[in-house]
Amino acid sequence: MTTVDASVEEPVSAPPAVVEPPADPYPEPRDGRRFGWWMLGVGLVAAAVRWMNVFWWRPTTNNPGYHGYRIGGDAYYYHYQANALAKGAWFVDPLLWFNTGQQRPSATHPPFYVIYLSLWSRLDLDTVTWHRFASTFLGIAAVVMIGYLGRRIGGNAVGIVAASIAAVYPEMWINDGMMLSEPSAILMTAIALYTMYGFARKPTVRNAVYMGLAVGITALSRTELTMLFVVAVVPIALLARSLTWKERLLRIVAAGLMGAVVLLPWMIFNYTRFEEPTTMTSATGAALSASACDETFSGYWLGYYYNCFQGPWPSQKLDESQRDLVPRKQAMEYLKNHKRQLPKVLFARVGRLWGFFRPGQTTFLDWWLEGRGRAPSWIGFWMYVALMPFAIGGLVTLYRRRITIIPMLAVAAIATFAAAITFGVTRYRAPAEVAIVTCAAVGLVAVWQWIARPQQKASP
């Protein structure tokens, strides 16, 4: 009989180590109702600022010596084309229609903003002031949307700070009173970024569809934002590590198909009504020729735009796409003959956009030539200068928290590209202002938390 020594204990294996799952870089914020009340309050502030701008600070006027708003340039196009659309004239040359009643096809600008204004015109709210007032609602909605974008990537505090900045930041609310497409571009950029971060958090097919839909509508507000599919949607989907490669490609296809559903009607519509192949816009040549001359390649106007077109304008018997070939050909010929100067000019264009090349002169031209208002232009410039360090810090903070910064960099890159191939004006930065404000809010909250942390440790 074998005896067992009870004093000898069998070795007990250590329990397996518990591996903590990595923290979710996109935690679901709490206190949604309280945050909603904050957005209501900030939205009311945004409305007050924008309505005061339209009705008090810069009311509509035809007096050249008055400080108010005077319609001009592209604003004519949006205003009168919206009124034409409301009366059943679908995307025609607005001034020709207004003066003669003739309906000649036009696609100088994408349709989103015109369609929005036409809804107001259908209600007989079709004056310049009413259209400016209508634009303020796009700006108010953009402020609230920026708040929710900030909340999605940084929590309630970031969302409140981001919306608060957007409510009073002149580089945003100036656009809402100019009757240009920037308010729609800012709003849709905020929505597109919101859907991108929603996809980054949960890369489902449904979120990919939402992302494609938002980016498609965004492209209908500003043509260059079509590039978001390439520089944002595709990289975000490819970097979704929780998915297999097949699943990543499926998300890209889903987003692309949804974007195509949105964009193809406008593109097919244009392709069938112009003599020359036209998809998103029929004004490429006009944009290129505005900065292709000696005046913009050196001297005072370096990197800006000027009346560069030389020679007689094309015959009015030609359609818009045919007429656009003339300034496009002239611009390409000038660029070909001045290739050595291009690096200097590109630097100046991008520098004007981002404020590191002749910022004082660009701000002066913002109010003197662009009509953006003297005081708002200067206040907006200095606020931009103050926000940029925090925006850069916010990008670094997001990167360290493993939150993708691709969407933020994408809108900045697209704005840079648009200025580089055309000219550097502040309003071309409008979509990127969404990223600047949101990232600055992340940076400001991070700085506040860093300051408050030692005080919290010291408290009993």
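The values are calculated or read from the model by the stated rules, or taken from the named source; none is laboratory data. This structure is a prediction, so every number in the text was calculated from the model and none was measured. Please note: Cβ atoms are built from the backbone with ideal geometry, for glycine as well, and neighbour counts cover all protein chains shown.
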Hits in segment 85-138 - residues which are at pLDDT below 95 and of a type in the set (Gly, Ala, Ser): 88, 89, 101, 106, 107
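Considering only residues of segment 237-251 that are part of a loop (DSSP other than H, G, I, E, B) and in contact (Cβ under 8 Å) with a residue 12 or more places away in the chain, which is surrounded by the fewest Cβ atoms within 10 Å (Cβ to Cβ)? Give the steps one after another, and end with the answer.
Just the residues of segment 237-251 that are part of a loop (DSSP other than H, G, I, E, B), to begin with: 239-244.
Now drop any that are not in contact (Cβ under 8 Å) with a residue 12 or more places away in the chain, which leaves 239-240, 242-243.
Working: 239: 13, 240: 19, 242: 8, 243: 16.
In this case the residue turns out to be 242.
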Conditions (1) part of a helix (DSSP H, G or I); (2) touching a residue at least 24 places away in the same chain (Cβ under 8 Å); (3) buried (at least 24 other Cβ atoms within 10 Å of the Cβ); (4) not basic (Lys, Arg); number of the one not met by residue 179: (1)
Members of segment 395-419 that are touching a Leu at 6+ places or on another chain (Cβ under 8 Å), assigned to a helix (DSSP H, G or I) and polar (S, T, N, Q): 416
Among (1) surrounded by fewer than 24 Cβ atoms within 10 Å (Cβ to Cβ); (2) modelled with pLDDT of 95 or more; (3) closer than 29 Å to residue 70 by Cβ - the single one residue 172 does not satisfy: (1)
First in segment 88-99 and under 15 Å from residue 122 (Cβ atoms), second anywhere and buried (at least 17 other Cβ atoms within 10 Å of the Cβ), Cβ under 6 Å, 6 or more apart: 89/97
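Counting only residues that are in a loop (DSSP other than H, G, I, E, B) and hydroxyl-bearing (Ser, Thr, Tyr), which one in segment 88-112 is surrounded by the most Cβ atoms within 10 Å (Cβ to Cβ)? Steps first, answer last, please.
So in segment 88-112, the residues in a loop (DSSP other than H, G, I, E, B) come out as 88-91, 93, 101-104, 106-111.
From what is left, the residues that are hydroxyl-bearing (Ser, Thr, Tyr) are 106, 108.
Details: 106: 26, 108: 18.
The residue in question is 106.
Test of understanding: among 357, 297, which residue is of a type outside the set (Asp, Glu), within 26 Å of the chain's Cα centre (by Cα) and more than 27 Å from residue 107 (Cβ to Cβ)?
On the way: 297 fails: within 26 Å of the chain's Cα centre (by Cα).
Residue meeting the stated conditions: 357.
Could you tell me whether residue 167 is within 15 Å of the chain's Cα centre (by Cα), under 15 Å from residue 430 (Cα atoms), buried (at least 24 other Cβ atoms within 10 Å of the Cβ) and among the small types (Gly, Ala, Ser)?
Numbers: within 15 Å of the chain's Cα centre (by Cα): no; under 15 Å from residue 430 (Cα atoms): yes; buried (at least 24 other Cβ atoms within 10 Å of the Cβ): yes; among the small types (Gly, Ala, Ser): yes.
Here the answer is no, as residue 167 does not meet what is asked.
Could you tell me how many of the residues in segment 252-295 are part of a helix (DSSP H, G or I), over 19 Å from residue 418 (Cα atoms) and out of contact with any Phe, Trp or Tyr (no Cβ under 7 Å at 6 or more places or on another chain)? Before you say what the answer is, go through the steps one by one.
Restricting attention to segment 252-295, the residues satisfying the condition of being part of a helix (DSSP H, G or I) are 252-273, 284-289, 294-295.
Subsequent filtering for residues that are over 19 Å from residue 418 (Cα atoms) retains 252-273, 294-295.
Filter again for out of contact with any Phe, Trp or Tyr (no Cβ under 7 Å at 6 or more places or on another chain), leaving 252-255, 257-258, 260-273, 294.
Qualifying residue count, segment 252-295: 21.
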Unique match (being out of contact with any Leu (no Cβ under 9 Å at 6 or more places or on another chain) and either among the aliphatic types (A, V, I, L, M) or closer than 16 Å to residue 223 by Cα (or both)) among 249, 288, 264: 264
In segment 56-87, residue surrounded by the most Cβ atoms within 10 Å (Cβ to Cβ) [restricted to those that are farther than 22 Å from residue 427 by Cα and touching a residue at least 40 places away in the same chain (Cβ under 8 Å)]: 83
